[in-house]
Structures are given as C-alpha cells and as structure tokens.
Amino acid sequence: MLHGRGRGGPTTDRHEGGDVRVSSADTGIKKVEVRLKWDPSPLGEPPRHLDIIAATYTADDPHGTPVYVVHYDSRSPDGTINMTRHSQTGQGFGFVEVMVLELDRLASSFGRVVVGVVFHQRGGNRTFGDLTNAGVEVVEKYTELLVDDFAQVADSTATTVAEFVRNDFGGWEFHEMVHGFDSDAVTFAQEMGAVR
C-alpha cells in the first residue's frame, strides 16, 4: 500500500526539497549511481537488510508491469543496470550498497526506470524509522541529484526514491520520487511502478 506525499512537477534546477530535471536535448543523464547506507543492528537483534531495487518499463506502458527487476541477486539482461556493492547487514564504511544504471545504453523501447529501497523483514515488521544513520544518494558523476534520510517515509517498509524518464529527444531525465509503501520485497517490485 502506498502512502506519503508526492512531489511537485519537475524543475530545471536542483533546489531544497524539490525535483531535479536534467533535460538536455544533446545528452540527458547517461550514467548514475544509487548509494545506500545504514547502521547494523544492535547486538542480539536480527540483521537489518536493505536492498536497492530498479524496475524497467517500456515507453508504451510506463506504469504497468516491469519488463525486468534488478536487485542484489539479479542483473539486467543487457548488463546496463548492476549492483556493484551489496550488504545484508549494513556493516562497513560509508555507502555499503551501490547500484549503477547506464541509462544511455538502454534500448529505445524503454521509457521509464524506477528505483526504490526495501527493508527485508526478518524477526518482525520493521520500518525505516527503526534505522539509524540511514540514507540514500543518487549521483551523476560529481552531481548529487538526490540525498534523502528516509525521514518522510519513517513508517514504511519500502520506498521509491527516483524515476528516470526518457524525454522527447531520447535523453533521460531524473525526477525525485520519495513515496512510502507497506510492502515486502516481492510485492514492492510489482507495485513500485504505479507511482505517478
């Protein structure tokens, strides 16, 4: 189930609390990293396991069933979306999970990619509000497109964080899209594209 508040329409510049829309007729967004961090569980508690998930959609059905979903134990068939770092516990320094999306290499039939984060449920129903020092970044080269600490989805078990949409020139645009869900990993992967 979806909850939380949506964002306004995209703008052309990054500003506090708003969207980013990178829209160049020449290039658009080519390659981004989605980075995730969180503190491990306190001693004696089950591991806290978060996952980055990306779902791809055709231009003809941008909010329907994903063509494929990429997460920690899968990759895109064409190698354009890959998990380059993965953690099941949050242990490590800095960002412990990283997904790379090479949007400029996606086939022209794709029109939308949605990226989210899900909290695996082990040992009870836990939400983002149970985490400490958690955060997600979306970065293109040296530009931060999104920095979020999950505060606005504290009661959720999963959240979308970003969407990438192909524009009329064939380039890719970024939209901030933080929307919380009360879903497990499997359900979330099928529902996340419904956000508009």
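Odds and ends about this structure:
- Hits among aspartates and glutamates - C-alpha to C-alpha of Lys37 under 19 Å, sequence gap 8 or more where chains match: Glu45, Asp51, Asp73, Glu97, Asp130, Glu137, Glu140, Glu144, Asp148, Asp149, Asp155, Glu176
- Cβ-derived FRET efficiency at R0 22 Å, Ala151 paired with Ser109, nearest 0.05: 0.05
- Solvent-accessible area per residue in the range 39-196 equals 44 Å², computed with a 1.4 angstrom probe and all protein chains kept.
- Scoring 170-182, 131-143, 30-42 by mean Cβ neighbours within 10 Å over their residues and listing the highest first yields 170-182, 30-42, 131-143.
- Estimated 222 nm signal from helices in the chain, with DSSP H stretches of n ≥ 4 weighted -39500 (n - 2.57), rounded to 500: -1000 deg cm²/dmol
- Net charge, Gly90 excluded, C-beta distance under 9 Å - Lys, Arg +1, Asp, Glu -1: 0
- Taking only the C-alpha atoms of the chain, Rg followed by Dmax gives 15.8, 53 Å.
The values are calculated or read from the model by the stated rules, or taken from the named source; none is laboratory data. No experiment lies behind these values; they were computed from the predicted model shown. Glycine gets a Cβ as well: all are built from the backbone with ideal geometry, and neighbour counts include every protein chain shown. Just so you know, the surface numbers come from the protein's heavy atoms only, side chains and all, with ligands and any DNA or RNA stripped out. Shrake-Rupley method; radii C 1.70, N 1.55, O 1.52, S 1.80 Å.
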